[in-house]
Amino acid sequence: MSALAARGVHVRFGAARAVDGVDLEIGSGEIVALVGESGCGKSSLARALLGLVRPVRGTVECADRPLDYRRLKEFRRHVQLVLQDPSGSLNPRHTVYEAVAEGLRIHKVPGDERELVAAALSKAGLRPPERFFLRYPHELSGGQRQRVVIAGALVLEPDVLVADEPVSSLDASVRGEILALLLRLRTELGLSLLVVTHDLGLAWNIADRVAVMYLGRIVETGDTARVLTSPRHPYTKALLSVVPEIARQDPIVLKGEAPDPSRIPAGCRFRPRCPAYAAGLPAELAERCEKETLPVLPADRGHHAACVLP
Amino acid sequence: MSLLELRDLSVTYAGDVPAVRGVSLSVAPGEVLGVAGESGCGKSTITNAVLRLLPKSATVGGSVLLDGEDVHGMSFGRLRAVRWATASIVFQGALHSLNAVRTIGRQIAEPILLHEPKTSRKAADLRVGELLEQVGLPARRARDYPHQLSGGQRQRVMIALALACRPRLVIADEPTTALDVMVQAQVLQLLSGLVKDLGLALVLISHDLSVLGTTCDRVAVMYAGKVVEEGPASVVFDDSRHPYSGALAGAFPRVGDPRFRYAPAGLAGDPPYPGDLPAGCPFHPRCPVAFDRCSEAEVELLDVGAGRRAACLRAGEAS
């Protein structure tokens, strides 16, 4: 069963094809990392999965049922969002208690509010929770603020969390603790998690599966260990080669930046920046790169790459 | 001879907040020094101390020698001449540091015209074009406004700006934070190329030890206003002697290394507030290998061989 899925999803903003046909499944209790650079469409896909934008084509499914856009409120109890920068996503004039209780009030959740808030804060690693009730965001460290944001999502007991760059604004030494918390939430609560990030190290740290996105499409997907140790798509290879590490292969630094989603090239969308194509391919393969429209990669658990190269 | 030398530099902000507490570092021409650390460790304060950009209320101790001359003893006129022309800074946050209502060409020309008033408008424009090409942008982009450029392009403009008056020392404060990995790689490649081609001395400040490990010759790791470890870049990253550097290195996992799979490495707690440091070694409350003596007295940097120093009682132990 899939907890959350995109089926042939297309998202457009005017002429920009931000998401240009994506199949993606997040299984129950699974952690999937959606990796790509700014402008690749990963956040638009996440927003579509959260029901924040409506795909122009394709469907979003929650627990194998198509998302009903008239019942978004109900859907949001199952799928919660954790935003990137906790300094920006918390109201500076709300105490920790108010920030976490807000969801309960909106959804009119029955039960003792104090107890529910305390339980969510403990789950997010803020213990003893009562000590944090009356604190304001500015009195907390970056790591603690991110935990408050996570508690605000957990308080509704969702099945799925969608986290957009959950650690990119945190200090390096705090980052590991938040990632460990996300892993623990999966083990202890059986949460499914979609992490949107540009950080391959994060994917290696916590994700079961990874999907690499480029210009609106997933270009490679599969088990994290397989994709990140034996990548097949030239884009994944290039991304991996620039993760700063010692004693690695020569970096493949691509020229230019992520291209314009309102002008997606024909044939393979990565071709204009592809180092393999630029290095010269046999005429037959080169022609396929230029002309062949590649199919959308399947959402199953296999290792797939959208590339005509062997 | 080193171009920049910090001798026992200390900076205390108003309200008795010691941001930098006795830092000694040096950089030679053609050398890249990395300074690693997290928010509040004092790394940006050092940047500001080098060009005397600190608020008046800050107390500075020790000395900052730029080409052998103490920056904090310079007359204001001398300081103006030195800023940009001897040393310049690539400030953090390229997205917001540029003036939104002036073309980037005019912004790059401004320091040139100020420092060399005899320069004709035409000569300045030519130099702007050269600078833009040096950082990998076409000269015609001089007519663009910042909003017409992407994040990576704006960071290139910031670097061109820093190079405008041919400085010999460039300090880059988090030049790649907020950039994508591929753009980060492009910017780092550009900076390394400039050091090689122009013989610049470069100080690279970042919280990402893995970035510094690949780009720098030497790295200094700072915690709570002090250098806690210093040495050749790759060994500090791969085989650190201070548990804090080890934690920083581990925070950015080596992709493909099974030790990091499902095992994000982090430290409990948060970096301390500079105005309220713990007694003894300021790192001991978060340290995984601390013992009783760690809370008693602060440890100075100790020589641990092979050009390396570490401020840890356990630094001598094999890791």
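The values are calculated or read from the model by the stated rules, or taken from the named source; none is laboratory data. Predicted model, so just to flag it, every value in this text is computed and none were measured. Note that each Cβ is placed from the backbone with ideal geometry, even for glycine, and that neighbours are counted across all protein chains shown. Heads up: the accessible areas ignore ligands, DNA and RNA and are worked out on the full protein's heavy atoms, side chains in. Shrake-Rupley method; radii C 1.70, N 1.55, O 1.52, S 1.80 Å.
Considering region B:112-128 alone, what residues qualify as being open to solvent by 10 Å² or more (accessible area, probe 1.4 Å) and within 14 Å of B:L161 (Cβ to Cβ)? Listed by number, the residues that qualify are B:L113, B:L114, B:H115, B:R127.
Selection over region A:159-204 of residues that are of a type outside the set (F, W, Y), within 7 Å of chain B (Cβ to nearest Cβ) and over 19 Å from A:H78 (Cα atoms) gives a count of 12. Pairs meeting the criteria (first residue in region B:269-297 and farther than 17 Å from B:K226 by Cα, second residue crowded, with 21+ Cβ neighbours inside 10 Å and of a type in the set (F, W, Y), beta carbons under 9 Å, at least 6 apart or on different chains) are B:A290/B:F283. Looking at A:L202, A:L194, which is the one that is in contact with a strand residue (DSSP E or B) (Cβ under 9 Å, 6 or more places away or on another chain), on the phi < 0 side of the Ramachandran plot, modelled with pLDDT under 95 and not in a loop (DSSP other than H, G, I, E, B)? It is A:L202. So is B:P278 on the phi < 0 side of the Ramachandran plot and crowded, with 17+ Cβ neighbours inside 10 Å or not? When the stated conditions are applied, B:P278 does not pass them. Within region B:161-185, being closer than 20 Å to B:L98 by Cα and either hydrophobic (A, V, I, L, M, F, W, C) or part of a helix (DSSP H, G or I) (or both) holds for B:L161, B:A162, B:L163, B:A164, B:C165, B:V170, B:I171, B:A172, B:A178, B:L179, B:V183, B:Q184.
Return a yes/no flag: does region B:247-266 have any residue that is among the aromatic types (F, W, Y) and either on the phi > 0 side of the Ramachandran plot or assigned by TED's automatic domain parsing to the domain that holds B:G151 (or both). Within region B:247-266, one or more residues are among the aromatic types (F, W, Y) and either on the phi > 0 side of the Ramachandran plot or assigned by TED's automatic domain parsing to the domain that holds B:G151 (or both).
Every test in (1) open to solvent by 10 Å² or more (accessible area, probe 1.4 Å); (2) at the interface with chain A (Cβ under 8 Å from one of its Cβ atoms) is passed by B:P272 save one, and that test is (2). In region B:242-254, the residues that are free of Cβ contacts under 8 Å to residues at least 12 places away in the same chain and within 9 Å of another protein chain (Cβ to nearest Cβ) reach residues that are part of a loop (DSSP other than H, G, I, E, B) and open to solvent by 10 Å² or more (accessible area, probe 1.4 Å) with C-beta atoms within less than 8 angstrom, at least six apart or across chains, in these pairs: B:R254/A:E245.
Restricted to region B:191-207, and to residues there that are open to solvent by 20 Å² or more (accessible area, probe 1.4 Å) and either within 14 Å of chain A (Cβ to nearest Cβ) or not in a loop (DSSP other than H, G, I, E, B) (or both), the residue that is nearest to B:V219 (Cα to Cα) is B:H207. Of the residues A:R65, A:R70, A:R77, the single one that is modelled with pLDDT under 95 and under 30 Å from A:R135 (Cβ atoms) is A:R77. Of the helices (runs of 4 or more DSSP H) that lie entirely inside region A:45-143, those containing 3 or more residues that are open to solvent by 60 Å² or more (accessible area, probe 1.4 Å) span A:72-78, A:96-106, A:113-123.
Of all residues in region A:231-257, none that is aromatic (F, W, Y) has its Cβ atom under 8 Å from the Cβ atom of a residue that is at pLDDT below 80 and open to solvent by less than 60 Å² (accessible area, probe 1.4 Å), 6 or more apart or on another chain. Among the residues of region A:211-224, some residue qualifies, meaning at least one is part of a helix (DSSP H, G or I) and either among the polar types (S, T, N, Q) or open to solvent by 10 Å² or more (accessible area, probe 1.4 Å) (or both). The set of residues from region B:235-269 being aromatic (F, W, Y) and either out of contact with any Gly (no Cβ under 6 Å at 6 or more places or on another chain) or surrounded by fewer than 22 Cβ atoms within 10 Å (Cβ to Cβ) (or both) comprises B:Y244, B:F260, B:Y262. With respect to (1) within 27 Å of A:S141 (Cβ to Cβ); (2) at pLDDT below 95, the lone exception for B:A220 is condition (2). Scanning region A:225-239 for residues that are surrounded by fewer than 23 Cβ atoms within 10 Å (Cβ to Cβ) and either in contact with a Gly (Cβ under 7 Å, 6 or more places away or on another chain) or within 8 Å of chain B (Cβ to nearest Cβ) (or both) yields A:A225, A:T229, A:A238.
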